[in-house]
Structures are given as structure tokens and as C-alpha cells.
Amino acid sequence: MRWGCCGEASANGKLLVLVSGRVAGVLCPRMILGLMEPSGMIERGGPLVWILLGLAFVGTVCVIERLFYFHRARINVGDLLVGLAHHIRRRAFAEALHEAARAPGPVARVAHAALLRYYLPRQDLRDVVQEAGQLEVPQIENNIRAILGVALLAPLVGMLGTMVGMVETFQRVSEQGGFSGPGELSGGVFTALITSVVGLTVAVPMYVFYLYFLGRAKRLVHRIERAGIEMVHLISDTREETQFAPYRGEVSAGKSLPLPTAAP
């Protein structure tokens with residue numbers, strides 16, 4: 001049996017779907033707009049839409065937490081190092097410790113760890129700074145992978161919902177003997193595509209936030225490494241200058257230093 005379909009606009013603005021010359025379904029623009037509303041999409045999308053909304057909620061919480069963290073971690077590294085260098089060169093380590101403890105963020109905590117072990121040799125001090133920086137990395141990367149997980153899972157869940165909806169639609173068609181009106185068929189396809197739309201709506205902004213936070217994390221780790229290297233050199237150089245201060249004082253005063261005598 002051959003059959004064809006076409007659409008004709010009626011006087012009241014409804015679209016009549018004709019199959020073999022008979023009216024098979026009526027699609028009203030108001031009905032389509034009602035299905036496109038959030039409440040209609042949730043109702044027609046099924047349980048997988050609620051799973052997608054749960055993923056969106058988890059991703060939103062992680063995004064808000066990361067925004068607050070990076071806002072608190074904002075600090076001018078140059079100004080912090082200049083202030084600490086002023087205290088260290090005067091050997092005012094207590095004041096330097098107080099300033100580092102008062103400053104927020106992981107950069108200040110790494111500087112504080114270096115100041116607590118200022119008496120160590122250069123290599124040991126470098127190890128202390130490296131360990132302190134490694135302890136900050138998990139906090140910097142916290143919840144970033146969760147945001148990526150939401151961005152990857154949401155379209156997969158949406159695609160699963162679409163496949164399930166298409167299977168249910170064609171199952172109803174087969175139960176009716178292989179014949180179904182285009183209005184009913186298009187309604188089933190529309191319902192099946194809802195989960196894909198919701199999944200992509202969740203995934204796209206989450207992936208954008210993931211890229212943004214990943215860049216922020218890399219820049220923050222770079223600042224930590226920079227501050228650690230500067231602190232090691234600053235503390236070690238200041239300690240060496242103090243050790244050679246008497247020699248430099250004698251040279252500046254014009255005193256002659258005894259020359260080494262040859263062994264008899």
C-alpha cells in the first residue's frame with residue numbers, strides 16, 4: 001500500500017497533516033510552543049531529563065565553588081615578593097612570616113613554608129618549596145575534573161534518551177501494523193530529541209567553564225613555581241651576604257688583607 005503525506009494550512013492557523021487525502025493529525029503552533037517550554041520538555045523528556053538536570057546542578061555547584069576559590073587566590077605576586085624581600089634583607093623573618101601568613105592564596109602559603117625553613121641550605125630549601133607547591137596542586141585542580149565529567153556525560157545521556165525514545169516510537173508504529181500518522185510519528189521523534197537538546201545545553205557551558213578553569217589553574221601553578229624559586233634565591237642570597245659582610249666591610253674601609261704565605 002502506497003501512501004504519501006502533505007501539509008495544508010487551515011483558516012485558524014493549524015497545520016493539517018494529510019495522508020492519502022485524509023487528515024492524519026493536527027499540529028498547532030501553540031502546541032509546539034508548549035512542548036518547547038521547560039516544563040513541557042521535562043514532562044515529555046522522561047526520567048533521563050531529570051538525570052541531566054541533576055548533572056547540571058552538580059556542575060553548577062562545582063563552577064560556583066571554583067569561582068570563589070580562584071577569586072580568593074587572586075594576589076599580586078610581584079607586590080608580595082617585594083614586601084617579603086624588604087623584610088628578608090633586613091633579616092626581619094618574623095615580620096616576613098606575619099606578612100606571608102596574612103596574605104591569601106597558595107602562593108603566600110608556599111612563601112610561608114619557605115620562610116619557616118629559612119635556615120636550611122639552598123638545595124634543602126628548594127625541596128621544601130617544591131613539596132609545598134605539590135601539596136597545593138590538588139586544591140587548585142579540585143572539582144575541575146568533575147566539571148569535565150559533567151560536560152562529557154551530559155551529551156551521552158542525552159543521546160541515550162534519544163535512542164530510547166526512537167525505539168519506543170517505532171515500537172508503537174510496529175504495534176499498529178506498521179502504519180502511523182505523521183503527526184503521531186513526529187510527536188514521538190520530537191519527544192526523543194528533547195534529551196539530546198537538554199544534554200547539549202548542559203554540556204556546552206560546562207566545557208567552556210572547564211577550559212576557563214584549566215587555564216586559571218595552570219597560571220596559578222606557574223605563579224607558585226615562580227614565587228618558590230624567588231624565595232629560595234632571596235633567602236639563600238641574603239644568608240650568604242650576611243656571612244661575607246665582615247670581608248666586604250674591610251674592603252670598603254680600605255684595609256689591606258693579609259696575603260697567603262707560601263708553605264716552607
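Taking residue 122 as the residue in question, decide whether it is at pLDDT below 90 and surrounded by fewer than 21 Cβ atoms within 10 Å (Cβ to Cβ).
Against the criterion (at pLDDT below 90 and surrounded by fewer than 21 Cβ atoms within 10 Å (Cβ to Cβ)), residue 122 qualifies.
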(message) For the structure I just gave you, tell me whether residue 148 is closer than 17 Å to residue 239 by Cα, assigned to a helix (DSSP H, G or I) and modelled with pLDDT of 90 or more.
(response) no
(message) The conditions are (1) under 30 Å from residue 139 (Cβ atoms); (2) modelled with pLDDT under 90; (3) not small (Gly, Ala, Ser), and residue 241 fails exactly one of them. Which is it?
(response) (1)
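Is it true that residue 137 is surrounded by fewer than 16 Cβ atoms within 10 Å (Cβ to Cβ) and of a type in the set (Val, Ile, Thr)?
yes
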(request) Please verify whether segment 48-70 includes one or more residues that are hydroxyl-bearing (Ser, Thr, Tyr) and not in a helix (DSSP H, G or I). (result) no
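Could you tell me which of the residues 49, 110, 77 is of a type in the set (Val, Ile, Thr), at pLDDT 90 or above and surrounded by 13 or more Cβ atoms within 10 Å (Cβ to Cβ)?
Being of a type in the set (Val, Ile, Thr), at pLDDT 90 or above and surrounded by 13 or more Cβ atoms within 10 Å (Cβ to Cβ) holds for just one of 49, 110, 77, which is 110.
The values are calculated or read from the model by the stated rules, or taken from the named source; none is laboratory data. Bear in mind the structure is a predicted one, so any value in this text is a computation, not a measurement. Cβ sites come from the backbone with ideal geometry, for glycine too, and all protein chains shown count toward neighbours.
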